[in-house]
């Protein structure tokens, strides 16, 4: 089968299109033919082996994923696809099921024609794709959606809370706007000029164009400030929070749970959550897709069609 591998950290061109052995599912695993995956900011950090503007996080990243070169040679975290076969110990899924999820904590990524994932993993999640959701949409939901959901729930967002979402047009940000609105919060979204109409369409009550006037952020106090891109200047946080307000960031530790994914699917079913897809690329355009995402201007999600 074909796959994109990376054997060293670096620019998009470290990704190599190669023939590799098709995986064979173990007793507790599913073999999935991948139909869609994504290119996210997190995948870019893994490919480069560094986290922007933080030597500490970059060191921790290398410590976990490989000091001088990556221990796992296949990138890609989220996917959607069709079950090709299952191990003898798998009972929840069967051949032909349309599924989506993540490969978090596994020894393979999603940048391949086929992947094997456990029916019940310690870190990854897997679920059936509901009717009405395309493969591309399903692939773009798990990471950004669960990250936003997990962080907002830890922060205990509530009805009538005044919430500021900084970096509201990215994958996590677009989900965060809608999740906060779902819980009844008053949302102020911060983004660039080109994304104002997008965040308004997702339900933001107010929008701030940070490229025009960054100081306008300090005119109001918020119950919750969510930095969805990890770029909010630290000195601003105490100036825009209420005395008992909370600040949270996409840099926080998050967990993946099937219950989170099900909550997101419920919101979609209630037409309270939209999946924003900026661009789609074919599998062979993987390097081009990475180049685009690395520019830092994507809106919502970038999807790879296999």
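The table below gives the values:
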quantity: So residue 8, is it assigned to a loop (DSSP other than H, G, I, E, B), surrounded by fewer than 16 Cβ atoms within 10 Å (Cβ to Cβ), at pLDDT 95 or above and touching a helix residue (DSSP H, G or I) at 6+ places or on another chain (Cβ under 7 Å); calculated: yes
quantity: In the range 191-219, the residues that are touching a helix residue (DSSP H, G or I) at 6+ places or on another chain (Cβ under 7 Å) and either part of a helix (DSSP H, G or I) or closer than 10 Å to residue 164 by Cβ (or both); calculated: 199, 208, 217, 218
quantity: Residues of the range 234-258 satisfying the condition of being at pLDDT below 95 and part of a loop (DSSP other than H, G, I, E, B); calculated: 250, 251, 252, 253, 254, 255
quantity: Sole exception among (1) free of Cβ contacts under 8 Å to residues at least 60 places away in the same chain; (2) part of a loop (DSSP other than H, G, I, E, B); (3) more than 30 Å from residue 95 (Cβ to Cβ) for residue 63, by number; calculated: (2)
quantity: Filter result for residue 46 (touching a helix residue (DSSP H, G or I) at 6+ places or on another chain (Cβ under 9 Å), assigned to a helix (DSSP H, G or I), free of Cβ contacts under 8 Å to residues at least 40 places away in the same chain and under 25 Å from residue 282 (Cβ atoms)); calculated: yes
quantity: Selection count where residues are surrounded by 24 or more Cβ atoms within 10 Å (Cβ to Cβ) and out of contact with any helix residue (DSSP H, G or I) (no Cβ under 7 Å at 6 or more places or on another chain), scope the range 113-142; calculated: 6
quantity: Set 147, 174: member being over 29 Å from residue 88 (Cβ atoms), surrounded by 19 or more Cβ atoms within 10 Å (Cβ to Cβ) and touching a strand residue (DSSP E or B) at 6+ places or on another chain (Cβ under 8 Å); calculated: 174
quantity: Matching residues, the range 15-38, being touching a helix residue (DSSP H, G or I) at 6+ places or on another chain (Cβ under 9 Å) and surrounded by 18 or more Cβ atoms within 10 Å (Cβ to Cβ); calculated: 15, 34, 35, 36, 37, 38
quantity: Positions within the range 240-272 being out of contact with any strand residue (DSSP E or B) (no Cβ under 9 Å at 6 or more places or on another chain), more than 21 Å from residue 182 (Cα to Cα) and surrounded by 13 or more Cβ atoms within 10 Å (Cβ to Cβ), in sequence order; calculated: 252
quantity: Criterion: within 23 Å of the chain's Cα centre (by Cα), free of Cβ contacts under 8 Å to residues at least 60 places away in the same chain and over 30 Å from residue 9 (Cα atoms) - qualifying residue of 271, 285; calculated: 271
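So that you can scan it fast, the table gives a plain yes or no per residue for (1) part of a helix (DSSP H, G or I); (2) free of Cβ contacts under 8 Å to residues at least 40 places away in the same chain:
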site: 115; (1), (2): no, no
site: 121; (1), (2): no, yes
site: 124; (1), (2): no, no
site: 131; (1), (2): no, yes
site: 137; (1), (2): yes, no
site: 143; (1), (2): yes, no
site: 146; (1), (2): yes, no
site: 157; (1), (2): no, no
site: 160; (1), (2): no, yes
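The values are calculated or read from the model by the stated rules, or taken from the named source; none is laboratory data. What you are looking at is a predicted structure, and each value in this text was computed from that prediction instead of being measured. As a convention, Cβ positions derive from the backbone with ideal geometry for all residues, glycine included, and neighbour counts pool all protein chains shown.
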